[in-house]
Each structure stands twice: as C-alpha cells, then as structure tokens.
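Q: I have a structure I would like to understand better, so I am pasting it below and will then ask my questions one at a time.
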Amino acid sequence: MNKQSLDPLWIGKTFDDFLFRPQRGVTASRAAVPLRSNLTHAIALELPIISSNMDSVTGGDMAQTMALEGGLGVVHRGQSIERQSDTVARVKRSHSAVIEHPRTLPAGSTIGEARAFARKHKINGILIENAPGSAILAGVLTRRDIPWDRSQDGEIVDRFMTPLAELKTAGPRVATEEAERIMFDGRIERLPLIDDERRIHGLITRKDVRFLRERPFASKDAKGRLLAGAAVGCSGDFLERAQALLEAGADCLFVDIAHGHSQVMQNGIERLRAQFPSTPLVCGNVATGAGAQFMRDLGADAVKVGVGPGRGCRTRLETAAGVPQLQAIREAWCAVGGEIAIMADGGVRHDKDIFLALACGADTVMLGSALSGTDEAPGRVIEDPATHSKKKIYRGMTSPEAVMESLYDGEDTEAVDAALATPPEGQEIQVPYRGGVVDILHRIRGHLRSAVSYSGCESLADAREMTLPDPLQYLIVLSEAARRESYER
Ligand code: XMP
C-alpha cells in the first residue's frame with residue numbers, strides 16, 4: 001500500500017471489536033449535526049446511507065424514499081432492462097421541481113380516454129397538445145374538469161379543458177421561486193413551461209415544489225430531480241443495460257459483481273468507460289487495499305468494499321474468501337482514501353457500526369438487511385398463522401430464490417449466467433416486518449449525530465477529519481468481557 005501501511009492491530013478486526021473513546025462534547029444540540037459526505041467526488045449526500053442493489057431491498061419505492069431522506073437507492077439488476085430502467089425513470093419523475101416530460105394527450109381525445117389516462121399514470125392534470133406528437137400546448141384538463149357522469153365519456157376533451165388563452169404559463173427556464181409566486185398569486189396548482197412557439201418544455205406543480213421545500217435534505221440532481229443509482233454487471237447485456245439506465249436518468253452506475261478485483265471487472269470498467277466517459281461509476285466489491293487500488297487505477301469514482309459480511313451472504317462459509325469488514329474498510333482507506341470515495345457494503349447490524357465504518361475510512365455505507373422488512377422494500381408482508389408475527393423475505397442476490405426469479409423475468413442476464421454456472425453464495429432469510437423505512441432512517445440519523453457529538457466534533461466531516469489519519473487513537477480494542485458488557489443485553 002502506497003499511502004499508509006495497515007497497522008497490524010486492524011488484522012482480523014470488525015465492528016464488535018471496538019468501542020469509541022468519548023471526547024469532550026462541543027455541540028450545542030445534537031439535532032443539527034451535519035452528516036454530509038461524498039458518494040463520489042462530484043456527488044454529496046446529506047445522509048451517507050445507500051440502500052443495497054438487492055431485489056428484496058431496492059425497487060422504486062425504496063429508491064425514491066432514500067433520496068427524499070438524503071441518501072440514495074440503487075435499483076437492482078435482477079430484472080429485465082426495461083423494468084429496471086422504467087423504475088429509474090419513475091424515481092426521476094417523482095417529486096422533481098420540474099417535470100421535464102409531462103404526460104400529454106392530443107386534442108380530440110375523448111373524456112373516457114382522459115379518465116383512463118389520468119388513472120393509469122396517477123396524475124391530476126393532463127396537458128393537451130394540439131395534435132398527436134406536436135408538443136404544442138392547447139390547454140390543460142384537470143381531474144376536476146372530467147365530468148363525474150360517465151354518460152359524457154364520448155365527448156372530446158377540448159370542450160372541458162382550460163384553453164391556452166386562459167392559462168397561466170411560464171418560460172422554460174423560470175426559477176422555482178418565481179414559478180411558486182405565479183402559482184400562489186394565480187391560485188393555480190400547476191404551471192406549464194412553454195417557449196414562444198407554445199412548445200411544451202415542462203410542468204411545475206405546487207404540490208411538488210412544496211414537498212421538496214419541506215425536505216431540504218433530499219438528494220437531488222442539478223435539475224431538482226431525485227437522485228437514483230442503478231446496478232449493472234460486467235458481461236452479457238451490460239452495455240445495453242447501462243445505456244437504457246442512463247437514458248432513464250440514472251445518476252450513477254453501480255458496477256457490481258461478487259469478485260470485483262478481477263479480470264472480468266477490468267474488462268467491464270474499460271468498456272463502460274469507453275462508452276460513457278463521464279458517468280460516475282461505483283465499482284465493487286473488493287475487500288483489500290490492492291483491490292481498492294485496482295479500482296482507482298481503472299478509473300472508478302468510488303470503490304465498494306465488502307466480501308462476505310452481509311446477512312444474506314454465504315461466501316465466507318462456502319469459499320473461506322473474505323476480510324473482516326472493518327479491517328477491509330481500513331485497508332481500502334490506507335490504499336486510496338481521499339483519492340476515490342469508499343463505500344462500506346454489508347455487515348452492519350447496529351447503528352454504531354455505521355459510525356465506526358465512517359470513522360475508520362468509509363465515505364458512505366450501504367445497507368441491505370437493516371432496510372429490508374420495511375414497506376418500501378419489494379415483497380409482501382407474511383403473517384405467521386401461529387404467532388401472528390409479521391415478516392418479510394430478505395435474500396442474497398445469488399441465493400437460489402433470487403436467481404430463479406430473475407430467470408423468470410425473461411432475460412439471459414450476466415447475473416443469471418454466472419449464478420447458474422456456480423453454486424449459490426447467498427441465502428434467503430425471514431426478517432421482522434418493520435413498517436416505514438423513514439422511521440429507520442430517522443433513527444440512524446439520530447444515532448449518527450449522537451456518535452459525532454460523543455466524538456467531540458460538530459459535524460461528521462470534522463469527526464472523520466479527526467479520526468481518519470489514525471482511528472486507533474480513538475478506539476478501544478475490547479476484551480471478551482468488555483464485549484459482553486457492551487453488546488450483550
Ligand atoms: P447486509 O449485511 O447489509 O449486506 O444485509 C448487504 C450486502 O450483501 C451483499 N450481498 C451478497 N453477498 N452473496 C454474497 O456473498 C449474495 O448472494 C449476496 N447478495 C447481496 C451485497 O454486497 C449487499 O449490499
């Protein structure tokens with residue numbers, strides 16, 4: 001390792017091996033401790049938590065909620081290209097200050113068609129264009145304009161919409177504050193953005209603007225849309241998948257395979273970089289300093305660290321491959337810390353593990369099982385008929401169940417090929433049903449802020465600046481008795 005050699009004390013160590021020595025506190029209130037950290041050099045998050053690209057963790061609902069809360073969701077790739085990119089597009093469309101491609105119906109459509117259209121796309125206001133595909137605004141039809149009485153379903157929308165001459169509109173580049181003022185003054189809920197030729201450039205709704213203003217922490221792109229990550233592999237249809245995901249608006253690609261420090265990864269990154277030179281790439285997984293340097297040298301923007309610590313993983317049990325997770329995080333920092341971002345992935349069982357990961361080298365932390373079991377994670381709630389306890393399924397992406405399901409999704413993906421060629425290194429478990437993920441993120445945020453306060457710093461960034469050069473100065477290695485005293489309850 002070129003940057004700093006690994007202190008031998010780290011070898012064999014993971015989260016439960018340490019406590020953090022409390023420092024003199026300086027924060028007036030824990031409630032306001034900033035937790036900003038970097039996903040990549042160019043993308044910062046107000047909550048450095050990422051939901052794992054697993055089919056039992058991150059679909060559209062999870063990705064949307066993670067971004068709204070200041071983190072990021074990574075939409076999994078155990079599904080067809082179309083379904084994955086549709087999910088990304090849905091996250092990007094939700095809650096943005098400006099809806100870039102608002103849904104339109106042509107003049108001459110019937111009220112029945114408009115009713116079905118509004119229901120299908122769950123929208124309250126439809127922009128009416130003057131001819132199919134013209135994108136020239138003719139008027140707006142809201143749900144309130146649609147007659148309750150279905151006997152008029154054969155009538156055309158033109159009779160019921162508010163025509164352009166009576167609409168308030170704004171130019172394509174109107175500032176959000178100005179748009180809000182126009183909507184407030186005019187007592188209107190939506191503002192179409194059009195150019196001098198009446199061509200539609202977007203739509204701003206009062207509800208979206210208000211919603212985002214109430215969430216200053218939300219992770220947003222330059223256009224005010226929620227951030228979304230998406231996973232790709234390194235072979236098979238991965239370039240086609242990457243292209244579709246980027247067209248759908250993905251902000252970064254997670255190039256994710258089980259053994260990232262490999263020739264397969266090298267080929268994958270080289271081909272992705274050649275085709276998408278400026279796309280942020282988070283690449284993994286690796287568990288050593290050499291693996292992290294390998295990713296840096298290939299041009300990754302961030303390296304994902306963790307081989308086998310996850311709850312759905314059987315890699316260590318089946319192959320003996322792996323590095324204790326806190327050692328792996330520290331090795332990565334000693335090798336590439338400050339050059340590319342480091343994401344700790346897997347093995348977090350308690351909130352204190354997140355702080356330890358961040359204080360020892362990680363810039364962000366990816367969670368799988370800790371966020372599963374929530375309403376936003378894909379999958380149904382199962383009720384045990386005997387005990388009435390509620391559960392959800394959490395499973396490794398190479399578990400037989402996840403592999404079989406992606407097979408049914410119709411595409412011969414790299415994940416399926418690889419998984420069929422090798423025996424499973426993942427398993428399925430039941431986790432307790434936990435309600436909404438927002439409550440869990442709220443708890444994590446609170447515990448992280450308290451941890452920063454105990455570290456004697458005012459922000460997570462300050463705490464990391466203090467600890468990263470030599471975390472062992474602040475850590476206490478636990479005896480068996482001390483570990484029992486600390487963690488057994
Ligand atoms: P946690 O501990 O947060 O871990 O549940 C989530 C991470 O586990 C990894 N993962 C797997 N590892 N076989 C493995 O060895 C698998 O089938 C598998 N599926 C997921 C992944 O890195 C995830 O983020």
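Q: Kindly indicate the residue of segment 275-286 that is in contact with a helix residue (DSSP H, G or I) (Cβ under 9 Å, 6 or more places away or on another chain) and open to solvent by less than 30 Å² (accessible area, probe 1.4 Å) and also farthest from VAL336 (Cα to Cα) among those meeting that condition. It would help to see each step written out before you state the result.
A: In the first step, residues of segment 275-286 are kept if they are in contact with a helix residue (DSSP H, G or I) (Cβ under 9 Å, 6 or more places away or on another chain); the result is 275-276, 279, 281, 283-286.
Now drop any that are not open to solvent by less than 30 Å² (accessible area, probe 1.4 Å), which leaves 276, 279, 281, 283-286.
On the way: PHE276: 23, THR279: 20, LEU281: 16, CYS283: 14, GLY284: 14, ASN285: 15, VAL286: 13 Å.
Taking the candidates together, the pick is PHE276.
Q: On to the next question. State all residues of segment 337-368 that are in a loop (DSSP other than H, G, I, E, B) and more than 13 Å from LEU468 (Cα to Cα); if no residue qualifies, say none. So that I can check it myself, show each step before the final result.
A: Of the residues in segment 337-368, the ones in a loop (DSSP other than H, G, I, E, B) are 337-340, 346-350, 361-363, 368.
If the condition is that a residue be in a loop (DSSP other than H, G, I, E, B) and more than 13 Å from LEU468 (Cα to Cα), then GLU339, ILE340, GLY346, GLY347, VAL348, ARG349, HIS350, GLY368 are the ones that fit.
Q: Against the condition at pLDDT 95 or above and away from the ligand (no atom under 16 Å from the Cβ), how does ASN267 come out, does it pass? Before you say what the answer is, go through the steps one by one.
A: Numbers: at pLDDT 95 or above: yes; away from the ligand (no atom under 16 Å from the Cβ): yes.
Judged against the criteria, ASN267 is a match.
One line per residue, one yes/no per condition, for (1) open to solvent by 10 Å² or more (accessible area, probe 1.4 Å); (2) of a type in the set (A, V, I, L, M); (3) touching a Ser or Thr at 6+ places or on another chain (Cβ under 7 Å):
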site	(1), (2), (3)
ARG271	yes, no, no
THR288	yes, no, no
LEU298	yes, yes, no
GLY312	no, no, yes
VAL336	no, yes, no
GLU339	yes, no, no
THR364	no, no, yes
SER369	yes, no, no
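Q: Still on this structure: Residues to consider are ALA451, ALA482; find the one that is farther than 28 Å from GLU339 by Cβ and either assigned to a strand (DSSP E or B) or modelled with pLDDT of 95 or more (or both).
A: On the way: ALA451 fails: farther than 28 Å from GLU339 by Cβ.
Going through ALA451, ALA482 in turn, just one is farther than 28 Å from GLU339 by Cβ and either assigned to a strand (DSSP E or B) or modelled with pLDDT of 95 or more (or both): ALA482.
Q: Is it the case that segment 363-376 has a residue that's more than 23 Å from GLY78 (Cα to Cα) and more than 9 Å from the ligand (Cβ to nearest atom)?
A: Scanning segment 363-376, I find at least one residue that is more than 23 Å from GLY78 (Cα to Cα) and more than 9 Å from the ligand (Cβ to nearest atom), so the answer is yes.
Q: Next question, about the same structure. Kindly indicate which of GLY233, GLY202 is on the phi > 0 side of the Ramachandran plot and either open to solvent by less than 20 Å² (accessible area, probe 1.4 Å) or assigned by TED's automatic domain parsing to the domain that holds GLU270 (or both). Write out each step before concluding.
A: On the way: GLY233 fails: on the phi > 0 side of the Ramachandran plot.
On inspection, the qualifying residue turns out to be GLY202.
Q: Further, regarding this structure: Please work out if ILE257 is open to solvent by 10 Å² or more (accessible area, probe 1.4 Å) and under 18 Å from the mean Cα position of the chain (by Cα).
A: So ILE257 passes the test.
Q: Can you say whether THR387 is within 15 Å of the ligand (Cβ to nearest atom), of a type in the set (Val, Ile, Thr) and on the phi < 0 side of the Ramachandran plot, as far as the supplied structure shows? Explain how you work it out, then say what you get.
A: On the way: within 15 Å of the ligand (Cβ to nearest atom): no; of a type in the set (Val, Ile, Thr): yes; on the phi < 0 side of the Ramachandran plot: yes.
No; evaluated as a whole, the condition is false for this residue.
Q: Determine whether segment 376-384 contains at least one residue that is touching a Leu at 6+ places or on another chain (Cβ under 6 Å) and either modelled with pLDDT of 95 or more or not polar (S, T, N, Q) (or both).
A: If we filter segment 376-384 for residues that are touching a Leu at 6+ places or on another chain (Cβ under 6 Å), which is where we start, we get none.
The answer is no, given that none of the residues of segment 376-384 is touching a Leu at 6+ places or on another chain (Cβ under 6 Å) and either modelled with pLDDT of 95 or more or not polar (S, T, N, Q) (or both).
Q: Also, I was wondering about something else. Scan segment 69-84 residue by residue and report those that are open to solvent by less than 20 Å² (accessible area, probe 1.4 Å) and within 11 Å of GLU46 (Cα to Cα). Can you show your working first?
A: Restricting attention to segment 69-84, the residues satisfying the condition of being open to solvent by less than 20 Å² (accessible area, probe 1.4 Å) are 70-76, 78-81, 84.
GLY70, GLY71, LEU72 - these are the residues of segment 69-84 that are open to solvent by less than 20 Å² (accessible area, probe 1.4 Å) and within 11 Å of GLU46 (Cα to Cα).
Q: To continue, here is another question. Of all residues in segment 53-64, how many are more than 13 Å from the ligand (Cβ to nearest atom) and either open to solvent by 20 Å² or more (accessible area, probe 1.4 Å) or at pLDDT below 95 (or both)?
A: 2
Q: Answer yes if at least one residue in segment 352-361 is more than 24 Å from GLN473 (Cβ to Cβ), basic (Lys, Arg) and either touching a residue at least 12 places away in the same chain (Cβ under 8 Å) or open to solvent by less than 60 Å² (accessible area, probe 1.4 Å) (or both), and no otherwise. So that I can check it myself, show each step before the final result.
A: Keep residues of segment 352-361 that are more than 24 Å from GLN473 (Cβ to Cβ), which gives none.
No, because not a single residue in segment 352-361 is more than 24 Å from GLN473 (Cβ to Cβ), basic (Lys, Arg) and either touching a residue at least 12 places away in the same chain (Cβ under 8 Å) or open to solvent by less than 60 Å² (accessible area, probe 1.4 Å) (or both).
Q: For GLU414, state whether it is buried (at least 17 other Cβ atoms within 10 Å of the Cβ), away from the ligand (no atom under 12 Å from the Cβ) and at pLDDT below 95.
A: Numbers: buried (at least 17 other Cβ atoms within 10 Å of the Cβ): yes; away from the ligand (no atom under 12 Å from the Cβ): yes; at pLDDT below 95: yes.
Answer is yes for this residue.
Q: So, in segment 285-313, of the ones that are small (Gly, Ala, Ser) and over 21 Å from the mean Cα position of the chain (by Cα), which residue ends up nearest to the ligand (Cβ to nearest atom)?
A: Residues of segment 285-313 small (Gly, Ala, Ser): 287, 289-292, 299-300, 302, 306, 308, 310, 312.
Subsequent filtering for residues that are over 21 Å from the mean Cα position of the chain (by Cα) retains 287, 289-292, 299, 308.
Numbers: ALA287: 11, GLY289: 19, ALA290: 19, GLY291: 14, ALA292: 15, GLY299: 21, GLY308: 5 Å.
Ranking the qualifying residues of segment 285-313, first place goes to GLY308.
Q: How many residues are touching a strand residue (DSSP E or B) at 6+ places or on another chain (Cβ under 8 Å) and at pLDDT 85 or above if we restrict to segment 209-226? Break it down stepwise before answering.
A: Of the residues in segment 209-226, the ones touching a strand residue (DSSP E or B) at 6+ places or on another chain (Cβ under 8 Å) are 212, 218-220, 226.
Applying the additional criterion that residues be at pLDDT 85 or above yields 218-220, 226.
Looking only at that region, the number is 4.
Q: Taking the conditions exactly as written (open to solvent by 60 Å² or more (accessible area, probe 1.4 Å), at pLDDT below 95, farther than 24 Å from GLU113 by Cβ and among the basic types (Lys, Arg)), does ARG150 satisfy them or not? Reasoning before the result, please.
A: Working: open to solvent by 60 Å² or more (accessible area, probe 1.4 Å): yes; at pLDDT below 95: yes; farther than 24 Å from GLU113 by Cβ: no; among the basic types (Lys, Arg): yes.
The answer is no for ARG150.
Q: For segment 65-85, how many residues are touching a His at 6+ places or on another chain (Cβ under 9 Å) and of a type outside the set (A, V, I, L, M, F, W, C)?
A: The initial filter retains those residues of segment 65-85 that are touching a His at 6+ places or on another chain (Cβ under 9 Å), namely 67-69, 84.
From the residues that got through so far, the ones that are of a type outside the set (A, V, I, L, M, F, W, C) too are 69, 84.
Of the residues in segment 65-85, 2 are touching a His at 6+ places or on another chain (Cβ under 9 Å) and of a type outside the set (A, V, I, L, M, F, W, C).
Q: Answer yes or no: is there a residue in segment 314-331 that is more than 16 Å from the ligand (Cβ to nearest atom), assigned by TED's automatic domain parsing to the domain that holds VAL74 and crowded, with 24+ Cβ neighbours inside 10 Å.
A: Yes, that holds for at least one residue.
Q: Hey, another quick one. Suppose we filter SER278, SER262 for residues that are within 16 Å of the ligand (Cβ to nearest atom) and more than 21 Å from GLN79 (Cα to Cα); which single one remains?
A: On the way: SER278 fails: within 16 Å of the ligand (Cβ to nearest atom).
Result of the check over SER278, SER262: SER262.
Q: Out of segment 229-286, which residues are over 29 Å from GLY322 (Cα atoms) and among the small types (Gly, Ala, Ser)?
A: ALA244, ALA248, GLY249, ALA250, ALA274, SER278
The values are calculated or read from the model by the stated rules, or taken from the named source; none is laboratory data. Everything quoted here is computed from the prediction, not taken from an experiment. Heads up, the Cβs are rebuilt from the backbone with ideal geometry, glycines too, and the neighbour counts pull from every protein chain shown. In case anyone asks, the SASA skips ligands and DNA or RNA and just uses the protein heavy atoms, side chains included. Shrake-Rupley method; radii C 1.70, N 1.55, O 1.52, S 1.80 Å.
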